[in-house]
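**Student:** Let me begin by handing over the structure; questions about it come next.
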Amino acid sequence: MLFFDAHCDILSAVTTPEELFSNNNHWDVDRALSNGSFVQVFSLFAEGKDSNEIKYKMEKQIDLALLAEKNYPDRIKLIRNKDELSHFIGSSESKKINCLIEAEGAEILGDSLSELDRLYDAGLRILTLSWNYDNAVCDSIAGNNRHNGLSAFGRQVVKRAGDLGIIIDVSHASDKTFSDVAQISEKPFIASHSNSRSVCSHRRNLTDEQISCIAKGGGVIGINLCPDFLNNSGNADIMDIIRHIEYISALVGTEFIGFGCDFDGIDNLPAGISGVQDTGKIIEALLRLNYKEYEVKDIAGLNFIRLLHGILTA
Ligand SMILES: [Zn+2]
């Protein structure tokens, strides 16, 4: 069954293309493909006080992904447009991983809208508006409410992203940023790696209203495996993952749910999950419940694929 993971931080944990194929982190190509067909969103991610330094590190990570694709074309392929996505769906190359590039924080833009166009040309297809810092585009849920939501520049960025076919991601955004995006976005938007705040009260999770809003717009929510976002106790297992899926399904339906596992972006994993090789266990747990097989396929990957079909250009 095709698995689509909308968030992984492995690019910030390795320095060479070869390390992507096999390593001791949560995620590598060999283990991702051990369960079958797999699409991975690679996050560009860096911590730091200086936004120029963050941008520099993120650029290095995009270079690493491009180098991996160039040096190992039979093992790794970046999806840039609808045709490439269709080709992937129609093929059965089990040794190749298909990927998309996402930036975790608009720091990568500096303060220039034309950077969005340049990054699009380089392969960027998803923009997570912020990480844990307020930036030139918007406020983070962990920030200081610098702009009270989206800045004027942020509004231009959301609009230009829509024109280019870059998906806007509101995971980590402040609640006011979320509502500003919901108000102005003309395209479906996603929360790539966030859960339900009703099930687990962490601020990184989504309120019922936000979940309904994403679904109404045709977006998708990627379930995050971070134990702190799964269960208020901070201890979680596979059933906690299922609990968030159950809750969101009951609220809006199975067609708006996917996965954004956050491998190599989180310190701990739920009991029973040691890395990407164990994503199949979550799917098996879903199949044992009352879901129809097509619904499990949707959650495992097809909901995100459908979203991409609607937003990527030909
Ligand atoms: Zn994150």
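**Student:** Between Gly218, Leu44, Ala285, whose Cα lies farthest towards the positive end of the dipole of the chain when Lys and Arg beta carbons carry +1 and Asp and Glu beta carbons carry -1, centred on the Cα centre?
**Tutor:** Of Gly218, Leu44, Ala285, it is Gly218.
**Student:** ³J(HN,Hα) across region 292-302 via Karplus (A = 6.51, B = -1.76, C = 1.60, θ = phi - 60°), whole Hz, x for Gly/Pro?
**Tutor:** With coefficients 6.51, -1.76 and 1.60, one gets 6, 4, 5, 5, 5, 4, 4, 5, 5, x, 6 Hz.
**Student:** Along Cα→Cβ, 7 Å out, is where each label goes; now give me the distance between the ones at Lys60 and Tyr294 in nm to one decimal.
**Tutor:** The modelled label-to-label distance comes out at 4.8 nm.
**Student:** Which of Asn144, Val158, Tyr294 sits closest to the plus end of the dipole of the chain, meaning its Cα is farthest towards the positive end, when Lys and Arg get +1 and Asp and Glu get -1 on the C-beta?
**Tutor:** The one lying farthest along the dipole's positive direction is Tyr294.
**Student:** Would you mind checking Lys176/Lys216; Lys55/Lys159; Lys82/Lys187; Lys96/Lys292; Lys187/Lys281 for any pair whose Cα atoms are more than 23 angstrom apart? Kindly include the intermediate steps, with their values, before the conclusion.
**Tutor:** Details: Lys176/Lys216 18 Å; Lys55/Lys159 21 Å; Lys82/Lys187 16 Å; Lys96/Lys292 28 Å; Lys187/Lys281 33 Å.
Beyond 23 Å between Cα atoms: Lys96/Lys292; Lys187/Lys281.
**Student:** Could I ask something else about it? If you wrap a convex hull around the Cα atoms of region 197-314, how much volume per residue is inside, in Å³? Intermediate results must be reported in sequence, preceding the final value.
**Tutor:** Working: hull volume 13.3 nm³, N = 118.
Spelled out: Cα convex hull of region 197-314, divided by residues, is 113 Å³.
**Student:** Counting pairs of Cα atoms in region 1-153, how many percent are more than 23 Å apart? Can you show the working numbers first?
**Tutor:** On the way: 4434 of 11628 pairs.
For region 1-153, the fraction of Cα-Cα distances above 23 Å is 38 percent.
**Student:** Next question, about the same structure. Do you know the relative contact order of the chain, to the nearest whole percent, from alpha carbon pairs under 8 angstrom that are 6+ apart? Don't jump to the answer; show the numbers that get you there.
**Tutor:** On the way: 677 pairs, mean separation 59.2, N = 314.
This gives 19 percent for the chain.
**Student:** Moving to a separate point now. Under a Cβ-only charge scheme (Lys and Arg +1, Asp and Glu -1), can you give me the dipole magnitude of region 3-311 about the Cα centre, in debye to the nearest 20? Before the final figure, lay out each step's value.
**Tutor:** Numbers: 30 positive and 45 negative charges, 114 e Å.
It comes to approximately 540 debye.
**Student:** Around Gly149, which amide H atoms from residues at least 5 apart in sequence, or from another chain, sit under 5 Å from its own amide H, with H modelled in the peptide plane?
**Tutor:** Asp139, Thr177
**Student:** Under a GNM of the chain (C-alpha, springs under 10 Å), which listed residue has the highest mean-square fluctuation: Ile299, Ile62, Ile283?
**Tutor:** Ile283
**Student:** With θ set to phi - 60° and the Karplus curve 6.51 cos²θ - 1.76 cosθ + 1.60, what are the ³J(HN,Hα) couplings of region 203-220 in order, to the nearest whole Hz, using x for Gly and Pro?
**Tutor:** Karplus-based 3J(HN,Hα) across region 203-220 equals 5, 6, 8, 9, 6, 4, 5, 5, 4, 4, 5, 4, 5, 4, x, x, x, 9 Hz.
**Student:** If amide hydrogens are placed 1.01 Å from N in the peptide plane, which non-local residues have theirs closer than 5 Å to the one on Asp237?
**Tutor:** Answer set, sorted by chain and number: Ala271.
**Student:** With θ taken as phi - 60° and the coefficients 6.51, -1.76 and 1.60, list the Karplus ³J(HN,Hα) couplings across region 278-286 in order, rounded to whole Hz; mark glycine and proline as x.
**Tutor:** With the stated coefficients, region 278-286 comes to 9, 4, x, 5, 5, 5, 4, 5, 5 Hz.
**Student:** Quick check: convex hull over the Cα atoms of region 132-230, volume per residue in Å³, rounded to an integer? Let's see the in-between values first.
**Tutor:** Details: hull volume 8.5 nm³, N = 99.
That works out to 86 Å³ per residue.
**Student:** Sticking with this one: Give me the extension gain from Glu186 to Asp50: residue separation times 0.36 nm, minus the current Cα-Cα distance, reported in nm with one decimal. Don't skip to the answer; put the middle values down first.
**Tutor:** Details: separation 136, 0.36 × 136 = 48.96 nm, distance 3.18 nm.
My answer for the length gained is 45.8 nm.
**Student:** Enumerate the amide H contacts of Ile223 below 5 Å, restricted to partners 5 or more residues apart or on another chain; note that Pro and chain-start residues carry no placed amide H.
**Tutor:** So Ile223 has HN proximity to Gly258, Phe259, Gly260.
**Student:** Please state, as a whole number in µm²/s, the translational diffusion coefficient that the Stokes-Einstein equation yields for the chain at 10 °C and 1.306 mPa s, with Rh defined as the Kirkwood radius across alpha carbon pairs.
**Tutor:** Working: Rh = 19.1 Å.
The Stokes-Einstein estimate is 83 µm²/s.
FYI, it's all coordinate maths here, none of it is from the lab. Treat the numbers as computed from the prediction; the structure is a model and nothing was measured. Ideal geometry is used to build each Cβ from the backbone, glycine not excepted, and the neighbour counts take in all protein chains shown.
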